[in-house]
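Structure first, commentary second.
The values are calculated or read from the model by the stated rules, or taken from the named source; none is laboratory data. Quantities reported herein were computed from a predicted structural model and do not represent experimental measurements. All Cβ positions, even for glycine, are placed from backbone atoms using ideal geometry, and neighbour counts span all protein chains on display. The protein model used for the area step is the full one, side chains on, heavy atoms only, and it has no ligands, DNA or RNA in it. Shrake-Rupley method; radii C 1.70, N 1.55, O 1.52, S 1.80 Å.
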Amino acid sequence: MPPSVGAVAERMERLLPQDGTPVLNRVLQVMLSRELESPISPDLYFKASDQLSKEQRIGRLRGQGGQVFLLPKSAPLKKQTNGVTLHPRREVELMAPLGRYLTDTFCKGLDLPPDGTSIVQDTSTIGPARGRFARPDFIVVTAMRFRFLPGSQIDVHSFELKAEQGATDESVYEALAQTRFTHFGHLVWHLPQNSRCEVRLPEIEKQCDQHGIGLIRMRDPHDHTSYDIRLDPVRKATPAAIIDGFLESRLSDTHRQTLLRVVNGGRGEG
Amino acid sequence: MKGKVIAVANMKGGVGKTATVVALAEALAAADGARVLVIDLDAQANASILFAGDAYLAEMIRDGRTIDAFLEDYLMRGKKKKFDSCIRDQISEVTHLGYPLQISLLASSAELRTLELRMIYKLTKKKELNLEEIVGGIWGVIKDQLSRSAKSFDYILIDCAPGISVLTEASIRLADLVIVPTIPDTLSTYGLQAFCKTVWQGQSETAKFYKKPRGSLPHVLITRRRPIVEHHKTVERMRNERHADDPSFAVFETEIPERAAIADALAKNGTYPNFTNKWTVAVADILQRLARETKEALNGSRH
């Protein structure tokens, strides 16, 4: 006799890693079959998964047939602290604060000359619909000219943003894949202080280091002093023609004009 | 008895018996969703470790869910335990087309070696049985338990220990098909014919205790084949056996080549791969051919 939905849900919760590491649905289904010594049909599996998700005990991620992860028990989805409602932030909620950080703090830290410029653009929804890892969440483009040397230099940074539970090895590969269009790849991870996901930080940092990807830890999205640049990215030798095509397809008209002005010897806005 | 019984045996160790059991069990289960039971009769418990992993195997040994615990209780302590209670279902971590393979395991542990010796000592000394009677007794118990099992399997694969022990002899008597994995070199094939003849045809005095094996001749499976002259000549010689007046064995058309992918696949514990990813496309194709040929041999449509 197949196990009940409740029994599967209870075992599912016990099998998921306590640190919130996501597990593929396919793998969890096998783990459950082995543990319960009974075949677990997809129907039974998803009923149990739906039940846990409804009770806000697990979260879900997309990709490779879907993944699930354990939500922290100590931090339920909604709680009141000093009258402010806190909840694990979704990527979409982190986009605006990251945009402000890149414009106000990150670009200033690049120390561009007065006639240089920096452009921040949200590219999360721009790009080929079927392209894999072809849409960084943000790009930062800097342009500057030199006093003695001819021509201008353009640097393109791509930023992949991940919410607290969402950063995995694959996020690093995603940021790496985006550097096929850019010079520098960064992973930005919203990882609050004392988060249970902190156990994953050393591994993610190691992966970023191995692949030359920058890592920015965002503790509090609204406090720019809490952003910690843990690793600087390594410049990739991406062909100029590819970068040119990428900027052509991603930059807005206004940004394109600004960039052209600096490249052609005019004054930027940064 | 429910399900076809396949014993995988050879006098010599290190020829790929356990690898054959693991690969064939997964190939049969992947081919058409068949339910496969693997019985590990080797005290080295390698098949048990490969299927169950350390943690589950330790749990099964602790709970007395092993073949040695069963035989100890049944034959030495007179407890009428059931086979079913020792079988662990859904043990494979491999999936095929999104579903876990339906493989069950009756594990063994290192205790099996001492149990066999104690069993022989007790039954020969106290009950004055001879070896053939002991083999017949074990054969009867396993056969009886398999036929009474409430679980139904399409295939039952037995991983025998190297050499000819009472457990190996009993398994061979139970089998519908005996597969003899053999590396095609001089040392591995030395005594192959004698092994097949002795085990298959049995000694004349054993005939009164248990019947001769069912099904067709033992089937040699060429393993770890390399493109070298020695292997080529040995394979040719083995394949010529079919022209003998009284052949001792048949040879599978499918050969298992020497591949790093096979060793890698066996080391993929705890990674939850799918069948093709585990074995690689090239090896998975060979295993599917082997599964097909095995089914033909069992159905008598081969040789």
(message) Checking the structure you have, find out if any residue of segment B:285-298 is touching a Phe, Trp or Tyr at 6+ places or on another chain (Cβ under 6 Å), in a helix (DSSP H, G or I), of a type outside the set (A, V, I, L, M, F, W, C) and open to solvent by less than 70 Å² (accessible area, probe 1.4 Å).
(response) yes
(message) Just to be sure I understand, how many residues within segment A:195-243 are small (Gly, Ala, Ser) and either assigned to a helix (DSSP H, G or I) or at positive phi (or both)?
(response) 4
(request) Report the residue count in segment B:20-54 for those that are surrounded by 22 or more Cβ atoms within 10 Å (Cβ to Cβ) and part of a helix (DSSP H, G or I). (result) 16
(message) Can you tell me which condition A:LEU161 does not meet? The list is (1) touching a residue at least 60 places away in the same chain (Cβ under 8 Å); (2) surrounded by fewer than 23 Cβ atoms within 10 Å (Cβ to Cβ); (3) not aromatic (Phe, Trp, Tyr), and all the others hold.
(response) (2)
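Yes/no per residue for (1) at pLDDT 95 or above; (2) open to solvent by 10 Å² or more (accessible area, probe 1.4 Å); (3) of a type in the set (Asp, Glu); (4) more than 11 Å from the chain's Cα centre (by Cα):
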{"residue": "A:THR168", "(1), (2), (3), (4)": "no, yes, no, no"}
{"residue": "A:SER171", "(1), (2), (3), (4)": "no, no, no, no"}
{"residue": "A:GLU174", "(1), (2), (3), (4)": "no, yes, yes, no"}
{"residue": "A:GLN178", "(1), (2), (3), (4)": "no, no, no, yes"}
{"residue": "A:PHE181", "(1), (2), (3), (4)": "no, yes, no, yes"}
{"residue": "A:HIS186", "(1), (2), (3), (4)": "yes, no, no, no"}
{"residue": "A:PRO192", "(1), (2), (3), (4)": "no, yes, no, yes"}
{"residue": "A:VAL199", "(1), (2), (3), (4)": "no, yes, no, yes"}
(request) Take A:VAL27 and decide whether it is of a type in the set (A, V, I, L, M), at pLDDT 85 or above and open to solvent by 40 Å² or more (accessible area, probe 1.4 Å). (result) no
(message) What's the total number of residues in segment B:243-264 that are free of Cβ contacts under 8 Å to residues at least 24 places away in the same chain and outside any loop (DSSP other than H, G, I, E, B)?
(response) 5
(request) Would you mind telling me which numbered condition in (1) away from chain B (no Cβ under 14 Å); (2) over 23 Å from B:PHE51 (Cβ atoms); (3) part of a helix (DSSP H, G or I); (4) not basic (Lys, Arg) A:MET12 fails? (result) (2)
(message) Please determine whether any residue of segment B:256-271 is of a type in the set (S, T, N, Q), within 14 Å of chain A (Cβ to nearest Cβ) and over 18 Å from B:ASP32 (Cα atoms).
(response) yes
(request) Would you tally the residues in segment A:128-168 being of a type in the set (A, V, I, L, M) and touching a Lys or Arg at 6+ places or on another chain (Cβ under 7 Å)? (result) 3
(message) Please count how many residues of segment B:102-114 are within 14 Å of chain A (Cβ to nearest Cβ), open to solvent by less than 10 Å² (accessible area, probe 1.4 Å) and not small (Gly, Ala, Ser).
(response) 3
(request) Could you list, in sequence order, all residues of segment A:30-53 that are open to solvent by 60 Å² or more (accessible area, probe 1.4 Å) and either at the interface with chain B (Cβ under 9 Å from one of its Cβ atoms) or in contact (Cβ under 8 Å) with a residue 40 or more places away in the chain (or both)? (result) A:PRO39, A:LYS47, A:GLN51
(request) Please state which one of B:ALA52, B:ALA47 is more than 14 Å from chain A (Cβ to nearest Cβ) and under 24 Å from B:ARG35 (Cβ atoms). (result) B:ALA47
(message) So in segment B:55-101, with the set limited to residues that are at pLDDT below 90 and of a type in the set (D, E, K, R), which one is surrounded by the most Cβ atoms within 10 Å (Cβ to Cβ)?
(response) B:GLU72
